[in-house]
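Okay, structure first, notes after.
Every read-out reported here was derived from the displayed coordinates using simple, explicitly stated rules and does not represent laboratory data. Source: prediction; values computed, not measured. Cβ coordinates were reconstructed from backbone atoms using ideal geometry, including for glycine residues, and neighbour counts include every protein chain displayed.
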Amino acid sequence: MPTPLPPFDFDLLRSFVAVADHGGFTRAAARLGRTQSAVSLQIKRLEEGLNQQVFIRDRRGIYLTTEGEILLTYARRLLKTADEARVRLLEPDVGGMVRLGTPEDFATLHLPDVLSRFARAHPQVSLEVNCDYTANLLEGFGKGQYDLVLCKREPQGGGGTPPRGSDADADEAASVWREPLVWAGSERLSLPPEAEVPLVLAPNPDIYRRRAVSALDAAGRHWRMVYTSPSLAGIQAAVRAGLGVTILPKEMVRPGLMMLGADQGLPDLADTEIVLLRAPGTTAKAAGLLAEHITRSLGKPGGH
């Protein structure tokens with residue numbers, strides 16, 4: 001009698017990849033738009049179906065087992081292939097131009113693979129991608145320069161306010177995910193809790209620059225701007241050299257950088273909400289498909 005195939009249910013695999021990527025059930029649940037208990041149950045079902053443990057859970061956190069590491073490689077491939085097949089088979093003949101605006105860090109970290117898969121699935125669609133600061137993107141969006149804008153704003157429903165120029169996005173925006181922000185620095189930098197904070201940031205109107213200055217002012221911590229660069233690579237290079245500290249999404253704290261916080265007397269930072277704006281009145285099927293593809297690939301199902 002043949003051995004039954006393991007339950008490679010795509011929903012279970014998406015939850016598995018989310019937990020692995022975000023290092024826990026709570027953040028994975030928030031990313032997927034589910035409850036923590038629902039995600040835990042899905043991982044339990046996956047482990048029971050495989051008859052293998054994919055995560056080790058202890059007081060320090062959650063870690064992939066050897067089997068989990070193997071599964072993660074295949075899960076990414078399966079989900080990637082399934083997404084490509086779905087969009088290629090359901091909408092094979094879509095064409096046209098889609099103008100997308102995005103901050104540089106998203107374009108560097110999140111979007112290359114997402115846009116590559118979309119381009120392969122829809123070879124007749126031309127993508128025009130522009131990287132800029134959120135405030136500039138919103139200004140261009142208001143002038144009709146973009147069909148879609150992926151941008152940052154203060155979390156809604158928690159006392160935050162949208163960035164200037166985004167009055168319409170409370171109704172137009174689809175929330176994609178929340179991104180934890182951290183202070184980042186180098187081991188070369190000595191920063192006693194009472195010292196003036198040297199800042200390495202992008203120029204105005206960058207939202208992280210406003211966030212850093214506001215957080216330090218609210219905490220009564222003195223600061224000075226020591227290095228300003230419009231380039232993410234330039235900021236990271238300056239921080240690695242020990243010139244100062246910056247704000248980064250947690251998952252962008254790579255080798256050569258370290259997270260800073262209470263030990264250096266730095267205040268906690270609230271998450272940033274990532275939203276996808278679609279131009280009012282945009283009916284082009286290509287823009288709608290790209291919007292769906294981005295929210296499905298990067299955030300909660302349906303972007304809600």
Nitroxide proxy distance, nm - points 7 Å out along Cα→Cβ at Val129 and Ser37: 4.0
Under a point spin-label approximation (7 Å from Cα along Cα-to-Cβ), what is the Asp11-Gln145 distance to one decimal in nm? 4.3
Send over the semi-axes of the chain's equivalent ellipsoid, whole angstrom and largest first, taken as the square roots of 5 times the C-alpha gyration tensor eigenvalues. 34, 28, 16
